[in-house]
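Structure first, commentary second.
The values are calculated or read from the model by the stated rules, or taken from the named source; none is laboratory data. What you see is a predicted model, and the numbers here were worked out from it, not measured in a lab. Because the Cβ atoms are built from the backbone with ideal geometry, glycine has one as well, and the counts that use them run over all protein chains shown.
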Amino acid sequence: MARTMVSSVLAVALAGAVCVPAFAEPLQVSWSDVTGSDSLAHAPSFFRDSLLELQLRSFYFDRRNFDLTRAKAWTDGGSITYQSGLLGDVIGVVGAYYTSQRLIADRDEGGTKLLAPPNRPLSVLAQAYMRTDLFGQELRAGRQLVDTPLLNPYDSRMVPIAFEGVTLSSIPDEGKSYDYTFGYIWKTKLRDSNTFVDMASALGEVRSERGAVFGMLRFRPTAELTATVMDYFIDDTVNTGFGQLEYRFPKYDNIPQFTIGLNDIDQRSVGGNLTGSPAFWTYQASGLAKAEMNGLTLGVVGSITGQGAAILSPFGSKPNYTDLQQVSFDNAGERAIGGIASYDFGRFGAKGLSADIAFVKGFHAIDPIKRVEIEDRAEYNISVAYEPEEFLKGLKLQARFSDLRQRGNARVDQTELRLIAKYTVQFSR
């Protein structure tokens, strides 16, 4: 009954819903407001500084595939996360349990990544790690989320990508000109799975016990310039590197603020090559130029991919500028160019309401094995987002629609609709 009630409430919200910024402020609730007294005031720091987060999530997904099949599901669920304070100012724990339960999901309409194949429920303890602060750094050991350009949660469904390993990261500080994360990951759990598997197995077709060593450094020599470098290496499987430069020009009155960016992904098979495909080397370079003024953003994007292979990216969202809702335009040899636009309606009193559109055209892609051309493709995206700032704070609504077009298929266009509702509450002292 409780789950049905939550689902009904979220369904009503979805009926008028529309898109949400990637990061939204949760509703903050004090324990004293719940209990009527500050009972944690004199408790040990392990309990006094603890935080509990509850997120309810409902997701409707409907994609009509090129091959005339359909990927469709409506799910509800969410997550509960507990973060303790530091025991003796030294060590703490974090745990997070995620679930995705089907409301509408036929077995022959899988592929949404909202559920485990073929549309089975997801329930998993995706985070369970110990942490400690060391000289302005945080050391984590266990199941955790990692936030880097190539390894990240890719939290665009019901359950994020999680990793099992040891990481050392700088603690965010506005006074610092750098951030970094280094570590070793031996297992990962993909978005549509309840199971952690070793990194090489997630990337290829051969089971192995190989993990990934990785490192990421982000440096801001000036307020306008940000440089990022990263690499991860899986023995006998793949080595993937990434570099990016972004420059945000100073802002002046009555003049648009301009941003330009360039990045490159370099990827190659290594050693015994457990990827399940022939040995390869490839890359994807992409660029961005955009202007922002009075809530309006306009930009152009483009990319070029090496002819050796398509980019492999099972461990997170792609950092290239031509990454859209359905594809990243990263087939072997593919060139792509497009445009983006977004608008924040806060200037007209609709605080929290925004919309964006994007279009990218890909061409000259090839099959890297047969060395024959692949049909050109184009993707059109539109999304609308709403996040209340006061009343119903913590609620996030979004609607996203994509039309991917490519000749040579049973269907010329592959359409995808996503409707998402989230509500997040954090309890702390």
Of SER354, SER303, SER342, SER277, the only residue that is of a type in the set (Ser, Thr, Tyr) and assigned to a loop (DSSP other than H, G, I, E, B) is SER277
Counting only residues that are outside any loop (DSSP other than H, G, I, E, B) and in contact (Cβ under 8 Å) with a residue 60 or more places away in the chain, segment 203-247 contains a total of 11
For segment 235-249, the count of residues that are over 20 Å from the mean Cα position of the chain (by Cα), under 22 Å from MET199 (Cα atoms) and of a type in the set (Ser, Thr, Tyr) equals 1
Restricted to segment 102-149 and to residues being of a type in the set (S, T, N, Q) and buried (at least 19 other Cβ atoms within 10 Å of the Cβ), the residue farthest from the chain's Cα centre (by Cα) is ASN119
Picked from segment 380-429 (must be outside any strand (DSSP E or B) and within 20 Å of the chain's Cα centre (by Cα)), the residue nearest to ASP356 (Cα to Cα) is GLU387
Of (1) surrounded by 15 or more Cβ atoms within 10 Å (Cβ to Cβ); (2) farther than 16 Å from LEU324 by Cβ, LYS370 satisfies every one except (1)
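Residue-by-condition table, conditions (1) within 14 Å of LYS113 (Cβ to Cβ); (2) under 24 Å from the mean Cα position of the chain (by Cα):
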residue: PHE59; (1), (2): yes, yes
residue: PHE66; (1), (2): no, no
residue: LYS72; (1), (2): yes, yes
residue: SER79; (1), (2): no, yes
residue: GLY85; (1), (2): no, no
residue: GLY92; (1), (2): no, no
residue: TYR97; (1), (2): no, yes
Note on segment 191-228: residues among the hydrophobic types (A, V, I, L, M, F, W, C) and crowded, with 19+ Cβ neighbours inside 10 Å are MET199, ALA200, ALA202, LEU203, ALA212, PHE214, MET216
Test ILE337 against the criterion of being of a type in the set (A, V, I, L, M), touching a strand residue (DSSP E or B) at 6+ places or on another chain (Cβ under 7 Å), without any contact (Cβ under 8 Å) to a residue 40 or more places away in the chain and crowded, with 17+ Cβ neighbours inside 10 Å, and give yes or no.
yes
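For (1) farther than 17 Å from GLN406 by Cβ; (2) at pLDDT 95 or above; (3) of a type in the set (S, T, N, Q), each residue gets a yes or a no:
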site	(1), (2), (3)
THR305	no, yes, yes
ALA309	yes, yes, no
SER328	no, yes, yes
SER342	yes, yes, yes
GLY349	yes, no, no
GLY352	yes, no, no
ALA385	yes, yes, no
If we keep only residues of segment 248-262 that are free of Cβ contacts under 8 Å to residues at least 60 places away in the same chain and outside any loop (DSSP other than H, G, I, E, B), then the residue nearest to GLY308 (Cα to Cα) is LEU262
VAL124 being outside any loop (DSSP other than H, G, I, E, B) and either at negative phi or of a type in the set (Val, Ile, Thr) (or both): yes
- Task: Test LEU397 against the stated conditions and say whether it is under 25 Å from LYS72 (Cα atoms), buried (at least 16 other Cβ atoms within 10 Å of the Cβ), touching a Phe, Trp or Tyr at 6+ places or on another chain (Cβ under 8 Å) and not charged (D, E, K, R).
- Result: yes
Check: Would it be correct to say that ARG377 is at pLDDT 95 or above, closer than 23 Å to ILE357 by Cα and out of contact with any Lys or Arg (no Cβ under 6 Å at 6 or more places or on another chain)?
Finding: yes
Among residues of segment 30-72 being among the acidic types (Asp, Glu), at pLDDT 95 or above and over 14 Å from ARG418 (Cα atoms), the residue surrounded by the most Cβ atoms within 10 Å (Cβ to Cβ) is GLU53
Looking across segment 223-234 at residues that are farther than 19 Å from ILE185 by Cβ and of a type in the set (A, V, I, L, M, F, W, C), the single one that is nearest to the chain's Cα centre (by Cα) is ALA227
Checked PHE315, PHE363 against criteria (of a type in the set (A, V, I, L, M, F, W, C) and closer than 30 Å to GLY165 by Cβ); the one match is PHE315
Exercise. Looking at segment 84-106, is at least one residue closer than 30 Å to ARG377 by Cβ and not in a strand (DSSP E or B)?
Worked result: yes
Across segment 284-326, the tally of residues that are within 27 Å of ASP413 (Cα to Cα), free of Cβ contacts under 8 Å to residues at least 60 places away in the same chain and not β-branched (Val, Ile, Thr) stands at 15
